[in-house]
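Just so it is clear, none of the values below were taken in a lab; they were calculated from the coordinates. Being a predicted model, the structure only gives us computed values, none of them experimental. Neighbour counts run over all protein chains shown; Cβ positions are idealised from the backbone, glycine included.
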Amino acid sequence: MFDAEALIIALTVFVLAIFIGYEVITKVPPTLHTPLMSGSNAISGIVIVGALLVAGQADGITGQILGAIAVGLAMINVVGGFMVTDRMLKMFKRSGQK
Amino acid sequence: MSTDALFHLNITNSAYIIAAILFIVGLKQLGSPATARNGNRMSALAMLIAVLATVVGNDIASWEWILGGAIIGSGIGAYSARKIAMTSMPQLVAIFNGFGGAASAIIAADELIHLIDGGGAIAEDVSITIMASVIVGSVTLTGSFVAFGKLQGLVPTRPILLPIRNVINVALLIGMVASTVWLIIDPSMTAFLIAGAIALALGILVVIPIGGADMPVVIALLNSYSGIAGAATGFVLGNNILIISGSLVGASGIILTRIMTKAMNRSLANVMLGGFGVEDGASSSGSDDDRPVTSIQAEDAAMMLAYAQSVIFVPGYGLAVAQAQHQVRELADLLKAKGISVRYAIHPVAGRMPGHMNVLLAEANVPYDELKDLDEINGEFQRTDVAVVIGANDVTNPSARTDKSSPIYGMPILNVDQAQSVIILKRSMSSGFAGVQNELFFLDKTQMLFGDAKASIEKIVSEVKDL
């Protein structure tokens, strides 16, 4: 059945989160825009949660393989994204800072 | 639902709230280079909490496949994060975007298989969100791969225009809507696969007509899509942490897209419709301009710099191509030791993605407080003795301010022409991406130092040392 209430709640969360994202991210200075992109890449790896859910509930072998592929792709984003962002941010130093 | 299951669900959802807060605070800490590294760690912690909460709160039937996927994925991610050259960051981000989109599309497929196998009717809202997830995810996947190919030089960087591309795109859009309606009326894998295939084709067709110079906009936009694909997956699974995190990434990508389009003098609508970055056939040789320019040698440049009080370096992507960041920093260190003020003026499109030039200079140990963006530095040129332009062209062209007939008119530029004197390091008199001759080269205050940027700066460095 069509669950209008759940959809409205989900839409509310979606719209509010976009606003928060907009407010927070406009304050990121241009000098950090590349780490912002790779870091938000890592955050979009949150689909790992969805991948775990569908992989965990899969009954057939097709479902399990697809789930595992989704988990793998999401993990590339999560691990690679956070690590490369850290590698970049480590290089940003103030004058006189060693 | 048993009390035990309900208890687990509550724990999971509470953990998701904590994760969401940590993601937002983590992004907030990206507001300053001093706190950014901590912010990134906070986001990583949020991710760990979200994953653990998911594993604890749900019955996961079989572990073998999941663990296998997680280990392989982590290995690939860690390896590429360590090995990637900073000049290739745009490619890495592009391909990661693609993987994120692919994951969203596959999750939607897996959920649909599960629902169809389970029998019974599928609600309309579920069908719609499944389609949204697979469509955005698939467009992101192929679009990102084409962008990666263009950045890596595997696909021609010039815009590739199919003769009837608009007709094809409209036909594909109609097919997409039709297959979505089909899936809502009669849920089947066939309708799903058709929509997926169409979306994959559309991703290619949207990015292939875009020129290499416009890739920064495309990557930012695809970054946004990968977030929106994640949020769509959240709608499919009714999962708030996916919706929140996906929206944050979506917002970030949209903001960066707007910044880049503004810096490139384009509208967002123009970008969204695709087909931009097309050269309008204007001659890009520019060599028919035989007005005289003043050229100098490295020792003259060294003299000018050593006796200045303030110097601004204006780096462009040519600097990164010549791998001259370290030499520039060495020169800056010498000048600073003489008490000369040194700063760097960074245009938003100086690199191959937003903020790229800042990372390349940070890698060469240039302190971030010396890196100034457009608004910060433009008022300072008038009070600056020497501006040194290295591998930048269009972003310094004063015609953008004054000449209404110029194709780059209205583009925000660095006011290099207002400095007391200007040194331009350049290979030859060729023009920039826009195919427009740079009026800055012909000013009386401008001196041209021809040659390879790295070799020229090395010569200046040794001359300054000898002074």
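The table below gives the values:
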| item | result |
| --- | --- |
| Packing-based ranking, highest mean first, of B:7-14, B:414-421 given that Cβ atoms within 10 Å are counted | B:414-421, B:7-14 |
| Centre separation in Å (Cα based) which lies between the stretch B:330-408 and the stretch B:1-52 | 38 |
| Shielding by partners, peptide B:420-426 (average Cβ within 10 angstrom, other chains) | 0 |
| Average other protein chain Cβ within 10 Å of Cβ, residues B:254-264 | 2 |
| Net length gained if the chain between B:K404 and B:I185 were fully extended (0.36 nm per residue, minus Cα distance) | 73.3 nm |
| Cα long-axis angle, helix B:64-83 against chain B (0 to 90 degrees, to the nearest 10) | 0 |
| Set of the stretch B:385-417 residues, backbone N closer than 17 Å to the point 7 Å along the Cα-Cβ line of B:F442 | B:394, B:396-409, B:417 |
| Label-point separation in nm, B:Q152 to B:S341, each point 7 Å along Cα→Cβ | 4.5 |
| Mean separation of Cα contacts under 8 Å, 6 or more apart, over the residue count of the stretch B:86-277: relative contact order % | 28 |
| The protein assembly as shown: calculated mean residue ellipticity at 222 nm from DSSP helix runs of at least 4, using -39500 (n - 2.57) | -20500 deg cm²/dmol |
| Distant-in-sequence amide H partners of B:S430 (H built 1.01 Å from N, under 5 Å) | none |
| Cut-off under 5 Å, modelled amide H: who pairs with B:V388 long-range | B:I312, B:F313, B:V314, B:I423 |
| Net charge of Cβ neighbours under 13 Å - reference B:Q420; Lys, Arg +1; Asp, Glu -1 | -2 |
| Above-threshold pairs, the threshold being 28 Å between Cα atoms, out of A:K93/B:K454; B:K150/B:K336; B:K372/B:K454; B:K28/B:K336; B:K262/B:K454 | B:K150/B:K336; B:K28/B:K336; B:K262/B:K454 |
| Backbone N within the stretch A:60-96 under 18 Å of label point (7 Å from B:S62 Cα along the Cβ vector) | A:60-72 |
| Point-to-point label distance, A:S95-A:A6, nm (Cα→Cβ direction, 7 Å offset) | 5.8 |
| Lys/Arg +1, Asp/Glu -1 at C-beta; chain B dipole; positive extreme among B:A298, B:G101, B:A455 | B:A298 |
| Least to most buried among B:D4, B:D186 (fewest other Cβ within 10 Å first) | B:D4, B:D186 |
| Folded to 0 to 90 degrees: helix B:325-337 orientation relative to chain B principal axis, Cα | 50 |
| Per-residue mean of C-beta atoms belonging to partner chains within 10 Å, peptide B:109-122 | 4 |
| Protection proxy ranking of B:165-171, B:422-428 - average other beta-carbon atoms within 10 Å, highest first | B:422-428, B:165-171 |
| Selection of trypsin sites (Lys or Arg not before Pro), the stretch B:295-381, meeting DSSP coil and at most 15 other Cβ within 10 Å | B:K338 |
| Pairwise label distance in nanometres, B:L162 with B:F450, each label 7 Å out on the Cα-Cβ vector | 4.5 |
| Ranked list, fewest to most other Cβ atoms within 10 Å of each Cβ, for A:F19, A:F14 | A:F19, A:F14 |
| Stretchable slack from B:I18 to B:Q309, in nm (0.36 nm times residue separation minus alpha-carbon distance) | 99.6 nm |
| In order through the stretch B:305-317: 3J(HN,Hα) via Karplus (6.51 cos²θ - 1.76 cosθ + 1.60), integer Hz, x for Gly, Pro | 5, 5, 9, 7, 9, 9, 10, 10, 8, 10, x, x, 5 |
| Efficiency of FRET from Cβ geometry, B:S295 and B:R383, R₀ 30 Å, rounded to 0.05 | 0.70 |
| Relative contact order (percent, whole number), the stretch B:1-83, Cα cutoff 8 Å, 6+ residue spacing | 31 |
| Degrees separating the helix B:215-237 axis from the principal Cα axis of chain B, which is the longest one | 20 |
